[in-house]
Amino acid sequence: MTKARTFLRIWRRKEKAKSNDPFPMPFYGVWGSVARFAAEILASDFMAEMVRRRDEHGSHGLMGELDCATLYALTRWQRPNVVVESGGFVGMSSAFILKALADERLTSAKLYSIEWNKECEHGALVPNALRTQFVPLMGRVEDFVKRGQLPSSIDMFLHDSSHRYRHMLWEFGQFWTRLRDGGLLVSHDVHFNAAFPEFIAQTYVHDKKTGLLNAARTSHYEWGRWGYMGFVIKKAV
């Protein structure tokens, strides 16, 4: 074999190795942080008190301990200033978001909680000590969006309203555009249908020739699921 052919084989081998390099994951550390924060809140007096209040109210339709802990942990990791949640209901999820903001001493942060059911006690489970950063909004998400009554730029969005397939995809699309670079989209009950994984698939871009991930054009940094909670970290491209 000639020297030229030997050189060519070595060069091709190196280029192939480069093409198979793993996707750089600058947000990989989110997993360790979420695990640590979740373990902390699961063992806390706050969790015990919220579970007691939830069970007294009636736990049907409310988040379980693991999902509450995951939401708390993601919020502490993200340290958001503007949070919007749909389907706030009686405030189980709201309480854990607000607790995370308080524990991170984010005193200027706000949680905009949307609930369409006028007959429910919106935010009833939110402790009084956490209410200063709680902004309850009564009505349909679609109407608030249409009237431009929600922040145009947000740091974090939680979907927990209607889990119909079309509605979930609609909310994901609407609030994804409002998220800043590094913003966090979270969804509860991602196991109900394929809306969440299908939305995640839309944020991927692959090279047409090789089929490999195009990291520069893919519009998320990291995503995952823990319990019934799914999350994705937005990358502006």
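Every number in this text was worked out from the coordinates using simple rules, so none of it is lab data. The model shown is predicted, which means the values in this text are computed figures rather than measured ones. All Cβ positions, even for glycine, are placed from backbone atoms using ideal geometry, and neighbour counts span all protein chains on display.
Mind checking the alpha-carbon convex hull of the chain and giving the volume per residue in Å³?
Cα convex hull per residue, to the nearest whole number: 146 Å³.
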- request: With springs connecting C-alpha atoms under 10 Å apart, model the chain as a Gaussian network and identify which of Gly88, Gly61, Gly182 has the largest mean-square fluctuation.
  value: Gly61
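Count charges around Ile233 for me, please; just the other residues with Cβ under 10 Å from its Cβ, Lys/Arg as +1, Asp/Glu as -1.
On the way: positive: Lys234, Lys235; negative: Asp181, Glu222.
Surrounding charge for Ile233 is 0.
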- request: Would you mind checking which residues have amide H under 5 Å from Leu158's amide H? H placed 1.01 Å from N; only 5 or more apart, or other chain.
  value: Val84, Glu85, Ser86, Val186
- request: Using every Cα-Cα pair within segment 164-237, state what percent have a distance larger than 15 Å.
  value: 54 percent
query: Between Gln202 and Arg166, 0.36 nm times their residue separation minus their Cα-Cα distance comes to what?
result: 11.5 nm
query: Each label point is 7 Å from the Cα along the Cα-to-Cβ direction; what then is the distance between the points at Thr177 and Val145, in nm?
result: 0.9 nm
- prompt: Picking from Gly148, Gly64, Gly173, which is most flexible by a Gaussian network model of the chain using Cα springs under 10 Å?
  reply: Gly148
- line: antiparallel share of DSSP beta bridges within the chain, to nearest 5, in %, is 40 percent
message: Mean-square fluctuation check for the chain, GNM, Cα pairs under 10 Å: which of Phe199, Phe27, Phe134 is largest?
response: Phe27
query: What FRET efficiency, computed as 1/(1 + (r/R0)^6) with R0 = 35 Å and r the Cβ-Cβ distance, is obtained for Glu119 and Ser44, rounded to the nearest 0.05?
result: 0.65
Pairs of Lys in segment 27-234 closer than 28 Å at Cα, counting only those 8 or more apart or on different chains: 10
